[in-house]
1. For a footprinting-style exposure proxy, rank 115, 31, 157, 73 by other Cβ within 10 Å, fewest first.
2. Per DSSP H run of n ≥ 4, the term is -39500 (n - 2.57); total these for the chain, divide by its residue number, and report the mean residue ellipticity at 222 nm rounded to 500 deg cm²/dmol.
3. Under 5 Å between amide H atoms, partner at least 5 residues away or on a different chain: which partners does residue 186 have, H built in plane at 1.01 Å?
4. Please give me the summed charge of the neighbours of residue 239: other residues whose Cβ is under 14 Å from its Cβ, Lys and Arg +1, Asp and Glu -1.
5. Is the C-alpha gyration tensor of the chain telling us rounded, prolate or oblate? Criteria: a/c under 1.5 is rounded; beyond that, a/b larger than b/c is prolate, otherwise oblate.
6. Just add up the charged neighbours of residue 59: K/R +1, D/E -1, any other residue whose Cβ is under 15 Å from the Cβ of residue 59.
7. Can you tell me the alpha carbon radius of gyration of region 91-156 divided by the globular rule-of-thumb value 2.2 N^0.38 Å?
8. Quote to one decimal, in nm, the extra length available between residue 237 and residue 331 on full extension: 0.36 nm per residue of separation minus the C-alpha distance between them.
Amino acid sequence: MTVEAALASERSRIREMATWGRLALRVPALTLLLAVTSIAGVFWIAGADIPAAFAALAEGAFGSQHAILETLTRAIPLMLTGASVAFAARARLWNIGAEGQLFAGAIAGYAMARTVPAPGWIAFPMILFAGFAGGAAYAGLAGVLKVRRGVSEVISTVMLNYIALLVLSLLLLNGPWSDPGSAYEQTALVPKATEFPLLAAHSHLHAGLLVALAACAAIHFIIGRTSLGYDIRAFGLNPTAFAAKMGNSSRLVLIVMAISGGLAGLAGVGEVFGTHHRLLSGISAGYGYTGISLAILVRLNQLGIVIGSILFGGIVSAAIKMQILAGVPSAASYLIQALILLAFLVAGAAWERHQGGRGHVE
């Protein structure tokens, strides 16, 4: 190669790097623009004053100490269900059943509290163990169906969601756990000794936040620093090659599904013993399904799940404030979450397209 050709090649590479750098700055800006524009569209359709609606959203999510504490409370189940879905997805297992596993954990935790009375300092770890075990066992059913019968975990986990909800209704609708003094599908209040400790006075923020943060940190460590995490990543990249080298992968599938379900089960006991202090049919505001969106949004990153959970929790927490101050229906909070996810997916697709083009040039 001549000196002139080398110089021309180097100048071309510099120009390409500059273009790539500008694109790297533009993608987050595009994401923000799409998200803000879409949310403004929701406010406009609702007939609300757009600046006032955005102000109400910010105030309701993070505008005061009370708002921040409520946002963090809403974020707890999202951290756990998001971590649940993301952990399974690392092994290319699509756990769509975090909602049902949340219910299974709640049922198991409540059963433990009913049958094994214990002081508060013992009840807390016992309930956590029961909730994790309940979610793990329920997700394990889908794992067994996959390794023994070849049933897709997508189908089995979705179907198990409805079964868990129906079982809970049987227990609460004039069932053995129903509160005799109530017309709703719920139990009586749990004993005070079993309630999760509060992290802040005059709030609903409970020790489940510490459990959720510890769970996300543990999953990050397992995936990045352990032999199990290496096997999970290898299996996720190429299940056929993993099976050829390591032999039967059934055990790994069962372990991953059990841990994934256990994380969602922890979300269930957190809602029972930390937030509502009773088991009820509406214990989940779609947390299992939102966890799927959240895991996709942050591309399975555990730190991203923590941050995204706080963002989504803030949007849900601000729903009432938006309705009161700006006339935006509270249900619009879920539409806002969906639009944020869509904006990130569109921007991410643009990023990957240009990244593919860059690799082609090189």
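1. Details: 115 8, 31 19, 157 30, 73 23.
With the sparsest Cβ surroundings first, the list reads 115, 31, 73, 157.
2. Details: 14 runs with 273 residues, N = 362.
Result for the chain, helices only: -26000 deg cm²/dmol.
3. 179
4. Working: positive: 90, 92, 146, 233, 245, 251; negative: 153, 231.
My count for the surroundings of residue 239 gives +4.
5. On the way: a/c = 2.29, a/b = 1.34, b/c = 1.71.
The shape class here is oblate.
6. Working: positive: 321; negative: 49, 70.
Charge balance near residue 59 sits at -1.
7. Values: Rg = 14.2 Å, N = 66, 2.2 N^0.38 = 10.8 Å.
It is 1.31.
8. Values: separation 94, 0.36 × 94 = 33.84 nm, distance 3.83 nm.
Contour length minus Cα-Cα distance gives 30.0 nm.
Throughout, read-outs are computed from the coordinates displayed, never taken from laboratory work. Everything numeric in this text was worked out from a predicted model, so none of it was measured. All Cβ positions, even for glycine, are placed from backbone atoms using ideal geometry, and neighbour counts span all protein chains on display.
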